[in-house]
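Read the structure below first, then the notes.
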Amino acid sequence: MVVTPQTLFTGQQLLWLPSCASTNSEAQALIVQNRASEGCTIITDFQTAGRGQRGNQWEAAPAENLMLSVVWQPTFLAAAQQFRLSQAVALGVHDWATALLGPDPKLKLKWPNDLYYADQKLGGILIENTLTGPKIQYSIIGIGLNVNQQAFAVATATSFRQLTGRVYSRETLAARLLECLERRYLQLRAGQEGTLRRDYLQALYRYQETHSFEVAGRRVSGQIVGVEDDGRLAVAIGNELRRFGLQEIRHV
């Protein structure tokens, strides 16, 4: 399959595999073999062991969705700044989805970096960083997006085809996605953290709305008020401002 993104480096080295265990694993193998240039991209029609956040598996029908990994070298970022990369990637995906669906208030980023339409998941991101001392050496950006799939095992998932009734060319979508990702990555590299943070909060699912959460097995009512530099979610619960890591809070 031919993918020709209009980018400086992202996707210029590209492999499209019929199947693999995981595109992140394939990317890691290329890094170990010193065969991955910056922007190296692996796309597959089917993953036999795709991984998601919180150790979950990623469900996707063969040859219907976009499953890919991008290798970047954000050596300009300290290890403590990893969430800045997560924001940039999530915004690249959101930009791409907005180009498909048009500006839509239902299209959101669920913290830390899932793509949602209303209360249904359209895609997920898994970033694996390799550190050298206090700096990030390599980042493998794993992305799964529901494109043409029409049936899911869970009601909380949807696809672009289900939303629009259209059948999409995955090759074209892949090229556009790589372009959107690189634009946001270049913003990050140029030090535009303020712009990225502002845009991320504007796109954040249930931001500044009162909703139910599960914390330590207990249901509570709270309001997301921001995200810390280290990626923790800041939630006002009662008269208290609390900060949560990935495994510590869940939307209900």
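Taking label points 7 Å from Cα along the Cα-to-Cβ direction, R250 and T210 give a separation of 2.4 nm. For the chain, the solvent-accessible area works out to 45 Å² per residue, with a probe of 1.4 Å and every protein chain left in place.
Computing FRET efficiency as 1/(1 + (r/R0)^6) for Q12 and F46, where r is the C-beta to C-beta distance and R0 is 35 Å, gives about 0.90.
Of I127, T7, L66, whose Cα points farthest to the positive end of the dipole of the range 1-142 (charges on the beta-carbon: +1 Lys, Arg; -1 Asp, Glu; origin at the Cα centre)? Comparing the listed Cα positions along the dipole, I127 ranks first. Amide H contacts for W111 (H built 1.01 Å from N in the peptide plane; partners 5 or more residues away or on another chain; cut-off under 5 Å): Y205. Once every Cα of the range 176-252 carries one equal point scatterer and solvent is ignored, give the base-10 log of I(q)/I(0) from the Debye formula at q = 0.12, 0.13, 0.21 Å⁻¹, two decimals. For the range 176-252 at q = 0.12, 0.13, 0.21 Å⁻¹, log10 I(q)/I(0) is -0.42, -0.49, -0.93. Rounded to whole numbers, the Karplus 3J(HN,Hα) couplings from phi for the range 155-170 are 6, 8, 10, 8, 9, 5, 5, 5, 6, 10, x, 9, 9, 9, 7, 5 Hz, using 6.51 cos²θ - 1.76 cosθ + 1.60 with θ = phi - 60°, and x at Gly and Pro.
The apolar share of the surface of the range 83-219, taken as the fraction of accessible area on carbon and sulfur atoms (1.4 Å probe, ligands and nucleic acids excluded), comes to 47 percent.
Taking a straight Cα-Cα cut-off under 21 Å and skipping sequence neighbours fewer than 8 places away in the same chain, the lysines within cross-link reach of K121 are K106, K108, K110. For the chain, the C-alpha radius of gyration sits at 0.98 times the compact-globule guess of 2.2 N^0.38 Å, with N the residue count.
Phi angles across the range 216-232 convert, under the Karplus curve 6.51 cos²θ - 1.76 cosθ + 1.60 with θ = phi - 60°, into 3J(HN,Hα) values of 6, x, 10, 7, 9, 9, x, 9, 5, 10, x, 10, 6, 4, 8, x, 5 Hz, Gly and Pro given as x. Across the protein chains, with a 1.4 Å probe defining accessible surface, the residues V147, V252 rank V252, V147 from largest area downward.
Rounded to whole numbers, the Karplus 3J(HN,Hα) couplings from phi for the range 124-140 are x, 10, 10, 9, 10, 9, 10, 9, 10, x, x, 10, 7, 8, 10, 10, 9 Hz, using 6.51 cos²θ - 1.76 cosθ + 1.60 with θ = phi - 60°, and x at Gly and Pro. Using label points projected 7 Å from each Cα along Cα→Cβ, tell me how many nm separate R166 and T130, to one decimal. Reported label-point gap for R166 and T130 is 3.8 nm.
The values are calculated or read from the model by the stated rules, or taken from the named source; none is laboratory data. Note that this is a predicted model, so its numbers are computed, not measured. Every residue, glycine among them, receives a Cβ derived from its backbone with ideal geometry; neighbour counts consider all protein chains shown. When the accessible area is computed, the model is the full protein with side chains, heavy atoms only, and any ligands, DNA or RNA have been set aside. Shrake-Rupley method; radii C 1.70, N 1.55, O 1.52, S 1.80 Å.
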